[in-house]
Amino acid sequence: MDTRRMMKAGWMLAILSAVTLVACKTTPPDEPAKATAALKPTKGNKTYGEVTFEQVGNKVRVIAQVVGLKPNQEHGFHVHEAGDCSSGDGMSAKGHFNPRGKPHGHYGTMERHAGDMPNLKADAKGRAHLNVELDTITVTPGPNSVIGRGLIVHAQPDDYKSQPVGNAGARLACAVIQAG
């Protein structure tokens, strides 16, 4: 009887170990929510790039690499309401993403659109890199989520004052922000 119990306990331990091992291999680690956007030029322009959004606590880290900008100039950079780049000029992305009904403003103030971000600063070769954390947007579900929204690079710098969009001018590149 003791031998039978020991064998049964041994088999149960082996099965439990196998189940635990399988569960460990199939359970992904907790990764932060992420999104990406592939900027493509609007008609007649050459600006393009890649942007990632990563949820970091209650902020979102935005990392952008953009090329084809006017050298040594700043360019407005905003999340827009609609994830639609079909119009050719970027206007189908509509206005700035603004779920809280705030006025347009500087990205570092409380009174701003959720989609207001820092200007991109192009180097002498027309390339810009941005790495910033923002507290007005999310990558997780909810009213401030950027998933499915538009992303626009403008021809001029955002002055952070003019209403409703900072006098940033034409739209050089457009993207749809997608989960993943």
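A short reminder: the numbers here are calculations on the coordinates, not readings from a lab. This one's a predicted model, so the numbers in the text were calculated from it and none came from an experiment. Glycine also receives a Cβ, built like all others from the backbone with ideal geometry; neighbour counts cover every protein chain displayed.
General remarks:
- Coil-residue GluC sites (Glu not before Pro) of the range 80-180, DSSP, other Cβ within 10 Å capped at 12: GLU111
- Averaging over all projection directions, the Cα-based convex hull of the range 34-179 occupies 7.2 nm² in the image plane.
- Partners for LYS125 among aspartates and glutamates (Cα-Cα distance below 18 Å; same-chain residues under 8 apart left out): GLU50, GLU74
- Counting neighbouring Cβ atoms within 10 Å and putting the fewest first, the residues LEU130, LEU172, LEU39, LEU151 line up as LEU130, LEU39, LEU172, LEU151.
- Whichever lysines have a C-alpha closer than 22 Å to that of LYS102, once near sequence neighbours (fewer than 8 apart) are set aside: LYS59, LYS94, LYS161
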